[in-house]
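Below: the structure, in structure tokens.
Just so it is clear, none of the values below were taken in a lab; they were calculated from the coordinates. Quick caveat: nothing in here was measured; it's all calculated off a predicted structure. Methodologically, a virtual Cβ is constructed for each residue, glycine included, from the backbone with ideal geometry; neighbour enumeration extends over all protein chains shown.
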Amino acid sequence: MQNSGIRVLFEGSNFERLLGGLLVTIEIAFISIIIGVVLGTIMGLLRTLNSRPLKAILRLYLEAFRIIPILVWLYVVHFGFSPLLGIDIDGEVTAILVFSLWGAAEIGDIVRGGLESLPRHQLESGKALGLGTRQLYRYILIPQAVRRMLPGAINLATRMVKTTSLVVLIGVIEVVKIGQQIIELGVIKAPTASFWVYGFIFILYFLVCYPLSRLSKRAERRWQN
Amino acid sequence: MTHPEEILLEIEGLEKSFGDRKVLEGINLQVGKGEVIVILGPSGCGKSTFLRCLNGLEPVQAGRIHYRSQDLAKPDVDFREVRQHIGMVFQNYELFPHMTVIENILLGPLKVQKRSRDEAQRQAEQLLERVGLLDRKDAYPRQLSGGQKQRIAIVRALCMNPEIMLFDEVTASLDPEMVREVLEVILGLAKQGMTMLIVTHEMGFARSVGDRIVFMDQGKICEISSPEQFFTSPSTERAQHFLDIFQYDKL
Ligand SMILES: Nc1ncnc2c1ncn2[C@@H]1O[C@H](COP(=O)(O)OP(=O)(O)OP(=O)(O)O)[C@@H](O)[C@H]1O
Ligand SMILES: [Mg+2]
């Protein structure tokens, strides 16, 4: 029985399909992270400026993503805005949109934290050496800020990869959805198919996220001061 | 060295306020070439602020600071240039944690002074040798003790070939057993004839390193005298009081 269950994985193009699904997952997470980093850096910089209304708005924006579940965001954009605006927003586009905005909120917070925690003495020590403003940024502020932010950013990437499993619910065919399809077809012949398929997906997620989590741990240890 | 031939730095009527609060109220001081001036005074009297004004870390409200035919109290001074000649090490003066010791030291010579790497590196290694830390040149600051860090910080400032060095309580945050190794480096500089202004709470050190003692209180200089005279019979009551408290603290 067990044998036939594991065979489902390799029947037809099932194996490739699952990997293809994983690619969709990674693609959504990857594109969103890139957009999130760009937007988030801008937001983080804005949040270090001394503008109260700006600070309040961006803070609210962050809280909106922290408080409201990502699933609700996906539904609101996909099932809410699409008909409202009279355009059909594709599931994957919706996913990238929501994940990018979420990424921007979180990265913004990481950037703000990285910049604000820079000790004043570092800057003064640089100034006392005769460094100019641009040199201070280039050699002291930015390298240190990046080191401080990297663990948080990698951590966010891991969370995003995991959270992409929700996009099934707005009709995106990614790795979990393909797994379900394979199980539906194979379960009659092999009742243990679901164990093997989900087990395989389990391992796939692990293979993607574990290196990321190791990387962030290493960065943290290496650069902690 | 009470009457030095060449005046390097001349401060006249220096005033500094933070908001409404006057912190320096008319400081006058002449510093001769090769002279070591030790500034003493109770906490909050303006010692740090005074040193910070000298290399432009604090803007001043009035007075003059003559240095190299410039007035450093004017707003349009190019302090990037000045800071290459007036080096400063302070209590919270920090090494850059993301750079190795040698990278820390070479940053200024290479990026600010645009010197050649070979030549700067040679000088850096000589200086490191002198403070006994050449073997740590590839270490990161987190791998060093407080005393080692402070010695590296001094080397970093010296590698710019400054004409004057300002030291503000460089041993204040160190464990007692590390204070000595740092003070010895500064004593060595004094022997070589480096012009220095030193703020310290180490009275024994003040006495042995200083050519003159400047005693400040409440933003003013109360007394300038030789170390011998200051520590045996200070001419002002406030200085006497300050020394009494110090002796009491030591018990
Ligand atoms: N950035 C600042 N803003 C406002 N007030 C300041 C600032 N820096 C210093 N002061 C005030 O100026 C006065 C002089 O400070 P300063 O640090 O020069 O004293 P100090 O003699 O170095 O004292 P200590 O021996 O404790 O280091 C203090 O009353 C201090 O509170
Ligand atoms: Mg001070």
Report task. Report the residue count in the range A:77-94 for those that are part of a helix (DSSP H, G or I) and touching a Ser or Thr at 6+ places or on another chain (Cβ under 7 Å). Result -> 2
Report summary line: Here the residues within the range B:166-193 that are surrounded by 21 or more Cβ atoms within 10 Å (Cβ to Cβ) and outside any helix (DSSP H, G or I) are B:L166, B:F167, B:D168, B:V170, B:T171
Report summary line: Here the qualifying pairs (Cβ atoms under 8 Å; residues six or more apart or on different chains; first in the range B:96-119 and closer than 13 Å to B:C159 by Cα and within 12 Å of another protein chain (Cβ to nearest Cβ); second in a helix (DSSP H, G or I) and among the hydroxyl-bearing types (S, T, Y)) come out as B:L107/A:Y139; B:K111/A:Y139
Query raised in the report: Among A:R134, A:R112, A:R148, A:R138, which is the only one that is of a type in the set (D, E, K, R), touching a residue at least 24 places away in the same chain (Cβ under 8 Å), in a helix (DSSP H, G or I) and within 14 Å of chain B (Cβ to nearest Cβ)?
Result: A:R148
Report task. Inspect the range B:5-20 for any residue being within 16 Å of ligand 2 (Cβ to nearest atom), crowded, with 22+ Cβ neighbours inside 10 Å and within 14 Å of another protein chain (Cβ to nearest Cβ) and give the result as yes or no. Result -> no
Query raised in the report: If you go through the range B:152-165 one residue at a time, do you hit one that is surrounded by 22 or more Cβ atoms within 10 Å (Cβ to Cβ), closer than 21 Å to B:S43 by Cβ and either among the aliphatic types (A, V, I, L, M) or away from ligand 1 (no atom under 16 Å from the Cβ) (or both)?
Result: no
Report summary line: Just one listed residue, out of A:A56, A:A29, is in contact with a helix residue (DSSP H, G or I) (Cβ under 9 Å, 6 or more places away or on another chain) and assigned to a helix (DSSP H, G or I), and it is A:A29
**Report entry** Contacts under 7 angstrom Cβ, first residue in the range B:16-37 being more than 26 Å from B:K191 (Cα to Cα), partner within 15 Å of ligand 1 (Cβ to nearest atom) and polar (S, T, N, Q), 6 or more apart
**Finding:** B:K16/B:T49; B:K16/B:Q61; B:S17/B:Q61; B:V23/B:S17; B:V23/B:T49; B:L24/B:T49
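Could you tell me which of the residues B:E169, B:E202 is within 14 Å of chain A (Cβ to nearest Cβ) and within 16 Å of ligand 1 (Cβ to nearest atom)?
When all the criteria are applied, what remains is B:E169.
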Query - Number of the condition not met by B:F50 [criteria: (1) in a helix (DSSP H, G or I); (2) crowded, with 16+ Cβ neighbours inside 10 Å; (3) within 14 Å of another protein chain (Cβ to nearest Cβ)] - result: (3)
